[in-house]
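**Q** Have a look at the structure that comes next, please.
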Amino acid sequence: MGTSVFYFVATLSVIFSLMVIFSKNPVHSVLYLIVTFFTFTVHYILLNAQFLAVVNFIVYMGAIMVLFLFVLMLLNLNKDNEPLKSNMVKIVGVIAGCCLVVTLVGSLKATAISDPVILRNPNLGLLKNLGKELFGPYMLPFELSSILLLSAMVGAVLLTKKEKV
Amino acid sequence: MNIIITIAVTALVVLYAGLFKAKKALLPITLVGLLASLAFVVTSWNTNKTYYGMMQMDNFALAFAGITIVGTIFIFLLTQNYFAENSENIAEYFTLILFALAGIEIMVSYKNMSMLFIGLEIMSVSLYILAGIRKGNFASNEASLKYFLMGAFSTGFLLFGITLIYGATGSFDLDVINQYLVGNFKTISPMFYPGVILILIGLSFKIGAAPFHFWTPDVYEGAPTLITSFMSTVVKTAGFAAFLRLFADTFAPLHDFWLPPLMVIVCLTLFIGNVTALFQKNFKRMLAYSSISHAGYLLFSLVTLSGNSANNVLVYAAAYTFASIIAFAVLILVKQKTGNDHFDSFNGLAKKNPLTTLILTVAMLSLAGIPLTAGFIGKYLMFLNVMGEYQVYLVAFAILNALVGFYYYFKVIVAMYFKEGNEIELDTPVQYKVVLVLSVIITVFLGVYPAVILNLI
């Protein structure tokens with residue numbers, strides 16, 4: 001049961017993430033991205049990572065996606081002002097992308113397939129364990145990421161503040 | 001650890017000083033904080049402490065921390081008369097530079113992939129913003145956006161690589177990954193190899209090595225000159241320290257696997273950097289391409305891994321940092337006077353400013369790699385290291401490229417001494433004089449008496 005659900009949702013993730021790239025209308029892309037994130041949430045639930053599932057649902061699907069839509073509306077993207085890409089660039093891009101895909105597929109095929117839904121430690125993703133990891137072995141990076149957030153905040157204020165002339 | 005705390009606290013104090021309009025106090029506070037962290041670097045020499053299993057303050061980390069802090073002090077000294085008098089945001093600029101430095105200290109001392117990522121991001125996020133602080137300037141906006149998009153893209157590569165390596169080894173810890181490689185050499189998971197390549201790509205983006213260099217010239221040219229000098233000296237040194245920590249130590253057992261792609265990157269970087277620099281009419285853009293070509297020479301230390309690799313990079317990075325700071329400082333002065341940064345602005349500069357032109361000449365000679373300057377020692381060590389494994393063709397190719405380099409570095413010297421021009425007289429503030437003289441003393445001293453730094457690590 002679990003395995004078939006996993007493969008079903010995984011297929012959906014792949015299909016919708018491809019739709020993100022191939023759809024011509026940027027708003028459609030964002031909507032497909034929301035669906036892709038929703039399938040990720042299902043993956044987290046399958047892994048019994050409830051906290052990550054909820055965070056992914058609220059923060060990514062809710063807040064960040066709305067932000068994306070706002071930015072798209074503000075930028076007013078449409079076909080006319082889309083930059084033209086030469087065929088050369090497209091061909092080079094396709095070749096480079098295909099090389100990457102071949103490498104990744106090849107190496108993943110050579111890896112032994114594990115059962116995707118049998119968890120060695122079913123409680124791994126629970127909030128309690130997550131907290132223990134964050135405030136135990138990973139305390140230093142967790143605390144240092146505050147510098148990252150603060151510098152981003154200072155920068156956002158700096159860039160948006162109107163300068164007195 | 002105390003180094004990072006000192007720098008981060010200094011950044012916060014500067015931010016508050018800006019809030020209370022204490023404009024005069026900003027630079028002294030910053031310098032005191034940086035000198036204190038430099039003192040911590042000196043006092044913790046040879047202690048080799050590991051903090052929480054995440055950061056290793058060995059001599060490698062301390063040496064690179066020292067050089068980046070000194071470089072940042074010099075760049076802070078160059079802020080005199082640089083930002084507009086009435087600007088209200090100087091405290092924020094200072095804070096962001098200090099935050100970037102805190103990220104850099106994490107990058108030179110990480111022992112865990114998560115720390116590498118956080119350090120790199122702290123540094124990059126601060127730099128994306130710093131590149132765009134000239135809000136009214138189109139080039140600055142473009143530089144910031146381009147840097148941000150490219151940086152985010154390359155971070156994606158890096159993260160994907162880290163994920164694959166985690167999948168193969170089950171750990172972010174560099175020692176555990178190294179143990180895994182040594183212990184299971186015959187049965188390394190196939191996922192590990194693309195992981196290594198993706199990390200190689202991600203880090204090459206960050207240090208601006210070809211073919212991942214396309215952002216470099218535009219960003220370096222568009223960003224304010226002071227920020228460019230920070231990016232091309234301190235940030236680049238940190239990128240190489242991070243590169244070296246990962247590839248020269250942790251991934252060393254797989255050297256045969258990642259050597260061919262690295263060789264391609266080295267050759268392309270040298271060739272594209274040097275040849276494109278030839279055709280530049282703009283001094284700042286020329287320095288951007290020259291920084292690409294120097295990235296190629298710096299990568300030589302990874303072609304042949306030896307006990308000296310880290311020290312060679314340190315010497316080269318020191319030589320390159322101080323020579324570049326001189327070049328950018330003089331460029332700022334010239335630009336303030338003439339309003340543009342083309343080679344023509346340097347015409348006839350020697351008549352009225354003998355000392356400044358002499359110092360810039362020494363810097364150019366050092367970047368080109370003429371004996372008796374630090375740049376020569378750096379290049380010599382790099383070539384010697386590679387010759388240890390008889391990579392004759394690579395050395396021959398690199399020497400040809402170095403010869404190409406002579407041409408465009410000498411173009412500046414020729415313009416200053418032998419071309420007729422609008423004989424301008426530069427106003428050199430005191431702090432600029434201090435930075436120029438100290439940098440040139442370090443450059444010549446390291447060139448004449450390199451033994452001080454040669455066996456440091």
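The values are calculated or read from the model by the stated rules, or taken from the named source; none is laboratory data. Keep in mind that what you see is a predicted model, and the values were worked out from it rather than measured. Cβ coordinates were reconstructed from backbone atoms using ideal geometry, including for glycine residues, and neighbour counts include every protein chain displayed.
**Q** Identify, please: which residue in region B:107-118 is of a type outside the set (A, V, I, L, M, F, W, C) and more than 8 Å from chain A (Cβ to nearest Cβ) and is, among those, surrounded by the fewest Cβ atoms within 10 Å (Cβ to Cβ)? Show your work before the answer.
**A** Of all residues in region B:107-118, those of a type outside the set (A, V, I, L, M, F, W, C) come to B:109-112, B:114.
Applying the additional criterion that residues be more than 8 Å from chain A (Cβ to nearest Cβ) yields B:109-111.
Working: B:109: 27, B:110: 26, B:111: 22.
Checked region B:107-118; the qualifying residue surrounded by the fewest Cβ atoms within 10 Å (Cβ to Cβ) is B:111.
**Q** For a quick check of your reading of the model, give me the residue pairs whose first member lies in region B:355-366 and is free of Cβ contacts under 8 Å to residues at least 60 places away in the same chain, whose second is buried (at least 23 other Cβ atoms within 10 Å of the Cβ) and outside any helix (DSSP H, G or I), with beta-carbon atoms closer than 8 Å and at least 6 apart or on different chains.
**A** Note: pairs meeting the criteria are B:365/B:373.
**Q** Just one of (1) part of a helix (DSSP H, G or I); (2) out of contact with any helix residue (DSSP H, G or I) (no Cβ under 7 Å at 6 or more places or on another chain) trips up residue B:411, so point out which.
**A** Unmet condition: (2).
**Q** If you go through region A:151-165, how many residues are at pLDDT below 90, under 15 Å from residue B:91 (Cα atoms) and of a type in the set (Ser, Thr, Tyr)?
**A** Residues that pass the stated criteria total 0.
**Q** Looking at B:80, B:56, which one is within 24 Å of residue B:114 (Cα to Cα) and not in a helix (DSSP H, G or I)? If you could, list the steps in order and put the result at the bottom.
**A** Details: B:80 fails: within 24 Å of residue B:114 (Cα to Cα).
Within the list B:80, B:56, the selection yields B:56.
**Q** Residue check: is residue B:83 at pLDDT below 95, within 17 Å of residue B:225 (Cα to Cα) and within 14 Å of chain A (Cβ to nearest Cβ)?
**A** Working: at pLDDT below 95: yes; within 17 Å of residue B:225 (Cα to Cα): yes; within 14 Å of chain A (Cβ to nearest Cβ): yes.
Answer is yes for this residue.
**Q** Could you run through region B:373-400 and say how many residues are of a type outside the set (A, V, I, L, M, F, W, C) and assigned to a helix (DSSP H, G or I)? Quick ask: steps written out before the conclusion?
**A** Step one: of region B:373-400, the residues of a type outside the set (A, V, I, L, M, F, W, C) are B:373, B:375, B:378-380, B:385, B:388-391, B:393.
With assigned to a helix (DSSP H, G or I) added as a condition, the list becomes B:375, B:378-380, B:385, B:393.
Matching residues across region B:373-400 total 6.
**Q** Hey, residue B:128 hits all of (1) away from every other protein chain (no Cβ under 13 Å); (2) assigned to a helix (DSSP H, G or I) but one; which does it fall short on?
**A** Just one mismatch for residue B:128, condition (1).
**Q** Moving on to the next point. Exposed (fewer than 15 other Cβ atoms within 10 Å of the Cβ), assigned to a helix (DSSP H, G or I), without any contact (Cβ under 8 Å) to a residue 24 or more places away in the chain and not small (Gly, Ala, Ser): which single residue out of A:35, A:27, A:55 fits that description?
**A** Working: A:35 fails: exposed (fewer than 15 other Cβ atoms within 10 Å of the Cβ); A:27 fails: without any contact (Cβ under 8 Å) to a residue 24 or more places away in the chain.
The unique qualifying residue is A:55.
**Q** Note down all Cβ pairs under 9 Å where the first residue falls in region B:176-203 and is modelled with pLDDT under 90, the second is outside any helix (DSSP H, G or I), and they're at least six residues apart or on different chains.
**A** Every condition considered, the pairs that remain are B:189/A:111; B:189/A:112; B:190/A:111; B:191/A:111.
Let's see how each residue does on (1) farther than 30 Å from residue B:333 by Cβ; (2) in contact with a helix residue (DSSP H, G or I) (Cβ under 8 Å, 6 or more places away or on another chain):
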position	(1), (2)
B:86	no, no
B:116	yes, yes
B:131	no, yes
B:143	no, yes
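**Q** If you don't mind, there's one more thing I want to ask. Taking residue B:400 as the residue in question, decide whether it is without any contact (Cβ under 8 Å) to a residue 40 or more places away in the chain, under 19 Å from residue B:294 (Cβ atoms) and of a type outside the set (Lys, Arg). Outline the logic, then answer.
**A** Numbers: without any contact (Cβ under 8 Å) to a residue 40 or more places away in the chain: yes; under 19 Å from residue B:294 (Cβ atoms): yes; of a type outside the set (Lys, Arg): yes.
When the stated conditions are applied, residue B:400 passes them.
**Q** Conditions first: (1) within 20 Å of residue B:177 (Cβ to Cβ); (2) more than 14 Å from chain A (Cβ to nearest Cβ). Residue B:258 passes all but one, so which condition is the exception?
**A** (2)
**Q** Still on this structure, please answer the following. Considering each of B:36, B:63, B:17, B:25 in turn, give the residue that is modelled with pLDDT of 95 or more, in contact with a helix residue (DSSP H, G or I) (Cβ under 9 Å, 6 or more places away or on another chain), small (Gly, Ala, Ser) and surrounded by 14 or more Cβ atoms within 10 Å (Cβ to Cβ).
**A** Numbers: B:63 fails: modelled with pLDDT of 95 or more; B:17 fails: modelled with pLDDT of 95 or more; B:25 fails: modelled with pLDDT of 95 or more.
After ruling out the rest, the residue left standing is B:36.
**Q** Cβ-Cβ distance below 9 Å, separation of 6 or more or different chains: which pairs start in region B:34-60 with a residue that is within 14 Å of chain A (Cβ to nearest Cβ) and of a type in the set (S, T, N, Q) and end on one that is surrounded by 14 or more Cβ atoms within 10 Å (Cβ to Cβ) and not in a strand (DSSP E or B)?
**A** What qualifies is B:50/B:58; B:50/B:111; B:56/B:109; B:56/B:111; B:56/B:174; B:56/B:245.
**Q** State all residues of region B:206-222 that are in contact with a Ser or Thr (Cβ under 9 Å, 6 or more places away or on another chain) and within 14 Å of another protein chain (Cβ to nearest Cβ); if no residue qualifies, say none.
**A** B:211, B:212
**Q** Go through the residues of region B:90-110 one by one and say whether even a single one is assigned to a loop (DSSP other than H, G, I, E, B) and of a type in the set (D, E, K, R). Step through it out loud before you land on a result.
**A** Residues of region B:90-110 assigned to a loop (DSSP other than H, G, I, E, B): none.
Scanning region B:90-110, I find no residue that is assigned to a loop (DSSP other than H, G, I, E, B) and of a type in the set (D, E, K, R), so the answer is no.
Table: residues versus (1) surrounded by fewer than 22 Cβ atoms within 10 Å (Cβ to Cβ); (2) out of contact with any helix residue (DSSP H, G or I) (no Cβ under 7 Å at 6 or more places or on another chain); (3) at pLDDT below 90.
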site: B:234; (1), (2), (3): no, no, no
site: B:257; (1), (2), (3): yes, no, no
site: B:267; (1), (2), (3): yes, no, no
site: B:280; (1), (2), (3): yes, no, yes
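**Q** Output the number of residues of region A:120-161 satisfying the condition of being within 9 Å of chain B (Cβ to nearest Cβ) and either part of a loop (DSSP other than H, G, I, E, B) or in contact (Cβ under 8 Å) with a residue 24 or more places away in the chain (or both).
**A** Total satisfying the criteria: 3.
**Q** If you go through region B:71-114 one residue at a time, how many are under 19 Å from the mean Cα position of the chain (by Cα) and of a type in the set (Gly, Ala, Ser)?
**A** So the count comes out to 5.
**Q** Same structure again: Among the residues of region B:61-80 satisfying the criterion of being more than 21 Å from residue B:310 (Cβ to Cβ) and among the aromatic types (Phe, Trp, Tyr), which is farthest from the other protein chains (Cβ to nearest Cβ)?
**A** Going through the qualifying residues, I end up with B:74.
**Q** Which one of B:310, B:323, B:327 is under 20 Å from the mean Cα position of the chain (by Cα), assigned to a helix (DSSP H, G or I) and at pLDDT below 90? So that I can check it myself, show each step before the final result.
**A** Values: B:323 fails: at pLDDT below 90; B:327 fails: at pLDDT below 90.
B:310 is the lone residue from the list that is under 20 Å from the mean Cα position of the chain (by Cα), assigned to a helix (DSSP H, G or I) and at pLDDT below 90.
**Q** Please determine whether any residue of region B:140-157 is among the acidic types (Asp, Glu), more than 13 Å from chain A (Cβ to nearest Cβ) and out of contact with any strand residue (DSSP E or B) (no Cβ under 6 Å at 6 or more places or on another chain).
**A** Taking region B:140-157 and keeping what is among the acidic types (Asp, Glu), we get B:142.
Restricting the remaining residues to those that are more than 13 Å from chain A (Cβ to nearest Cβ) gives B:142.
With out of contact with any strand residue (DSSP E or B) (no Cβ under 6 Å at 6 or more places or on another chain) added as a condition, the list becomes B:142.
Yes.
**Q** For region B:176-190, indicate whether the set of residues that are crowded, with 20+ Cβ neighbours inside 10 Å, of a type in the set (A, V, I, L, M, F, W, C) and within 12 Å of another protein chain (Cβ to nearest Cβ) is non-empty.
**A** no
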